[in-house]
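The values are calculated or read from the model by the stated rules, or taken from the named source; none is laboratory data. Computed from a predicted structure; not experimentally measured. Because the Cβ atoms are built from the backbone with ideal geometry, glycine has one as well, and the counts that use them run over all protein chains shown.
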Amino acid sequence: MSGGPGDPALEPVDPDVDLRVPGQRAETAGHRLWQVLAVISAGGAAGATARYGAERLWPAADGAFPWTTFLVNVVGCGLIGVLMVLVAEGGWSVHPLLRPFLGVGVLGGFTTFSTYTLDFLRLVRHGEAPAALGYAAVTLGGAMAAVWLTATLTRRLVGPVAGQRAAP
């Protein structure tokens, strides 16, 4: 019978397993692996579709600053900051497949390093090297700032997570 404390089916799935640690290998065994891959695939399809929709609604002209990709990456990273506080820091009891579905799947599919790179190269190809370098810098800075800001605000809104001290 399952469902009680210590039931591995109820343990959160951490996609960052260390296969050298025997206790962590269970996450990659049998049907559990296929469940994780299925929710990541479904989430990735949803996230990539949302990004594609945003790029279709607000396309950037060749040689213009790629605002849509920039905003998608910054907003996606901000949402990752919220998710990691709520799910990964341990205070919220959620379905074990929520983190891989939302974090790796939806938000991983929504944010894009490949389009970011192509946009950078397009700017360079159109003789906009300063804009390309600016785009590279503000995207990385904006993404990191978004994660930090949303994680900080989420911690303040939800209070200290169980077992952790409140940040000063």
Criterion: modelled with pLDDT of 90 or more, under 24 Å from Glu55 (Cα atoms) and not in a helix (DSSP H, G or I) - qualifying residue of Gly127, Gly134, Gly76, Gly81: Gly127
Tell me the residue from Arg122, Arg156, Arg99 that is basic (Lys, Arg), over 18 Å from the mean Cα position of the chain (by Cα), in a helix (DSSP H, G or I) and more than 17 Å from Ala60 (Cβ to Cβ), please. Arg156
Scanning the stretch 91-115 for residues that are aromatic (Phe, Trp, Tyr) and touching a helix residue (DSSP H, G or I) at 6+ places or on another chain (Cβ under 6 Å), which turns out modelled with the lowest pLDDT? Trp92
Just one of the numbered conditions (1) under 22 Å from Leu37 (Cα atoms); (2) surrounded by 14 or more Cβ atoms within 10 Å (Cβ to Cβ); (3) modelled with pLDDT under 95 is not true of Val161; which one? (1)
Among the candidates Ala50, Ala42, Ala38, Ala9, single out the residue that is among the hydrophobic types (A, V, I, L, M, F, W, C), over 30 Å from Ala129 (Cβ atoms), modelled with pLDDT under 80 and assigned to a helix (DSSP H, G or I). Ala9
List the number of the failed condition for Asp62; all other conditions in (1) in contact with a His (Cβ under 7 Å, 6 or more places away or on another chain); (2) under 16 Å from Gly44 (Cα atoms) hold. (2)
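Can you tell me which residues in the stretch 84-96 are assigned to a helix (DSSP H, G or I) and either under 24 Å from Leu37 (Cβ atoms) or in contact with an Asp or Glu (Cβ under 8 Å, 6 or more places away or on another chain) (or both)?
Of everything in the stretch 84-96, those that are assigned to a helix (DSSP H, G or I) and either under 24 Å from Leu37 (Cβ atoms) or in contact with an Asp or Glu (Cβ under 8 Å, 6 or more places away or on another chain) (or both) turn out to be Met84, Leu86, Val87, Ala88.
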Some residue of the stretch 55-62 being of a type outside the set (Lys, Arg), surrounded by fewer than 18 Cβ atoms within 10 Å (Cβ to Cβ), at negative phi and part of a helix (DSSP H, G or I): yes
